[in-house]
Amino acid sequence: GDVFTYDPGFTSTASCDSTITFIDGDKGELLYRGYPIDQLAEKSHFLEVCYLLLYGELPSAAELEDFESRVTNHTMVHEQMSKFFSGFRRDAHPMAIITGVMGAMSAFYHDSTDVNDPWQREVAAIRMIAKVPTISAMAYKYSIGQPFVYPKNDLDYASNFLRMCFAVPAEDYVVNPILSRAMDRIFTLHADHEQNASTSTVRLAGSSGANPFACIAAGIACLWGPAHGGANQACLEMLREIGSVENIPEYVARAKDKDDPFRLMGFGHRVYKNFDPRAKVMKESADEVLGLLGIENNETLKVAKELERIALEDPYFVEKKLYPNVDFYSGIILEAMGFPTSMFTPIFALSRTVGWISQWKEMLGDPGQKIGRPRQLYLGDTARDYTDVESR
Ligand code: CMC
């Protein structure tokens, strides 16, 4: 028969070539189009990073202005979309809503179905980046029973999102610039991460020529799991459950116990066998934001830092090269901003949309592109004859 390699979990299979993101897991290095993530997090901002991921180069001032205005002009969603939200249970998880609504967008943009047209691919990418904050904020508002807040396009991307989440109609809402900067940095740190599970899902879905909104919905669905994007929610819930530093050893012991399914959330990574460079920036940002907000004595942050210290000295974590990942500190910042844990993974999805769509565009622009079609190692029965129900 056919000869192929067996690689469950794709731990050693490259599924594509790409020029977008580079990770050196041993060094703990992450580059977007060659630029180190810490430099981008410090000096750039999210829409500039979006441009970089999509087009391969940092924009000139004029290019950036044009890109920002194109994104800004697409932030509204069709008024009919609001009907989709009201079909969900009032307490639905925002990830469930966003998965459904993003998929439904494929019905609003039939022109995007023409994935062979580079112009349509370009328009789909802009629409997606522009609308995903609006959809995510609507999912949040719906889940807490508040009216939707429309985008306000004289605000920057992060401020607009915060306003759509936290403004209430009868009151003035002024975006705190500290929070807006921290929000923008969280978007940047999550923007892309090469061929992780959700990105591979988007590529696989897109490889059949499916509508891009449907492909991104598939990526959002994949991201939801606690081994992937859902870890940020799970991590903060774990830190709260630990509650205070005295309880840490008990949880560390549980994480090491092979008979206990408990894992330290926000720890470990398939590719990083060293510090996740995003976690380093996130930790600094958590200190900065909580300090500026005057809540640096936050108990959760104390538990997180002590847990990190203990785990990094423990032979189990040292031998297995388990370090804090991007999800370890992000939740502390998001909580300080006022987000409930159910919004943590939607914010990851919002940020990662640019990565997914950049990877999708790269794939479809490749003349050698083929439908993704993994093989399997069949372990079932060999051919046998059907038996009638009476004789079974
Ligand atoms: N706590 C305790 N033990 C762990 C942990 C952890 N967080 N992560 C891995 N291990 C152990 C695991 O039990 C295994 O031990 P052994 O070799 O004795 O069986 C070994 O380390 C290797 O783990 P693995 O599950 O084979 O590694 P993987 O590459 O398949 O999984 C991972 C990577 C991220 C799913 C895993 O480390 C994990 O479940 N971490 C917790 C969830 C998490 O934080 N996920 C976010 C990842 S980063 C952002 C994102 O991708 O969304």
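The values are calculated or read from the model by the stated rules, or taken from the named source; none is laboratory data. Worth saying up front: this structure is predicted, and the values here are computed from it rather than measured. FYI the Cβ positions are ideal-geometry reconstructions off the backbone, even for glycines, and counts take in every protein chain you see.
Selection of first residues in the range 174-198 that are closer than 18 Å to residue 331 by Cα and of second residues that are among the charged types (D, E, K, R) and assigned to a loop (DSSP other than H, G, I, E, B), restricted to Cβ pairs under 9 Å at least 6 apart or on distinct chains, gives the following pairs, ordered by first then second residue: 180/156; 184/156.
Restricting 105, 128 to those that are at pLDDT below 95 and in contact with a helix residue (DSSP H, G or I) (Cβ under 7 Å, 6 or more places away or on another chain) reduces the list to 105. No other residue among 223, 189 is buried (at least 23 other Cβ atoms within 10 Å of the Cβ), within 9 Å of the ligand (Cβ to nearest atom) and assigned by TED's automatic domain parsing to the domain that holds residue 104 apart from 223. Among the conditions (1) in a helix (DSSP H, G or I); (2) within 12 Å of the ligand (Cβ to nearest atom); (3) modelled with pLDDT of 95 or more, the only one that residue 195 does not satisfy is (1). Taking the criterion of being surrounded by fewer than 18 Cβ atoms within 10 Å (Cβ to Cβ) and aliphatic (A, V, I, L, M), the residues of the range 66-95 that qualify are 76, 92.
Taking the stated definitions as given, is residue 231 of a type in the set (Gly, Ala, Ser), crowded, with 19+ Cβ neighbours inside 10 Å and within 16 Å of the ligand (Cβ to nearest atom)? Taking the combined requirement at face value, the residue satisfies it.
Only residues that are within 8 Å of the ligand (Cβ to nearest atom) and either among the β-branched types (Val, Ile, Thr) or within 25 Å of residue 40 (Cα to Cα) (or both) were counted in the range 236-270, giving 5.
Taking first residues from the range 130-151 that are touching a residue at least 40 places away in the same chain (Cβ under 8 Å) and partners that are basic (Lys, Arg) and surrounded by fewer than 23 Cβ atoms within 10 Å (Cβ to Cβ), the Cβ contacts under 6 Å between residues at least 6 apart in sequence or on separate chains come to 148/141.
Out of all the residues in the range 288-313, which are acidic (Asp, Glu) and surrounded by 16 or more Cβ atoms within 10 Å (Cβ to Cβ)? Walk me through it before giving the result.
Let us first name the residues in the range 288-313 that are acidic (Asp, Glu), namely 288, 296, 299, 306, 308, 313.
Matches in the range 288-313: 288, 308.
One line per residue, one yes/no per condition, for (1) in contact (Cβ under 8 Å) with a residue 40 or more places away in the chain; (2) under 22 Å from the mean Cα position of the chain (by Cα); (3) more than 23 Å from residue 360 (Cα to Cα):
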| site | (1), (2), (3) |
| --- | --- |
| 70 | yes, no, no |
| 80 | no, no, yes |
| 83 | no, no, yes |
| 92 | yes, yes, yes |
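Among all positions in the range 176-183, there is no residue which is in contact with a Lys or Arg (Cβ under 7 Å, 6 or more places away or on another chain), away from the ligand (no atom under 13 Å from the Cβ) and at pLDDT below 95. Residues that are assigned to a loop (DSSP other than H, G, I, E, B), touching a residue at least 24 places away in the same chain (Cβ under 8 Å) and over 18 Å from the mean Cα position of the chain (by Cα) within the range 30-57 comprise 33, 44, 56, 57, listed in sequence order. If you go through the range 311-325 and keep only what is closer than 15 Å to residue 239 by Cα and either away from the ligand (no atom under 13 Å from the Cβ) or touching a Lys or Arg at 6+ places or on another chain (Cβ under 9 Å) (or both), you end up with 324, 325.
For residue 337, the conditions (1) in contact (Cβ under 8 Å) with a residue 60 or more places away in the chain; (2) more than 21 Å from residue 161 (Cα to Cα); (3) of a type in the set (A, V, I, L, M, F, W, C); (4) surrounded by fewer than 24 Cβ atoms within 10 Å (Cβ to Cβ) all hold with the exception of (2).
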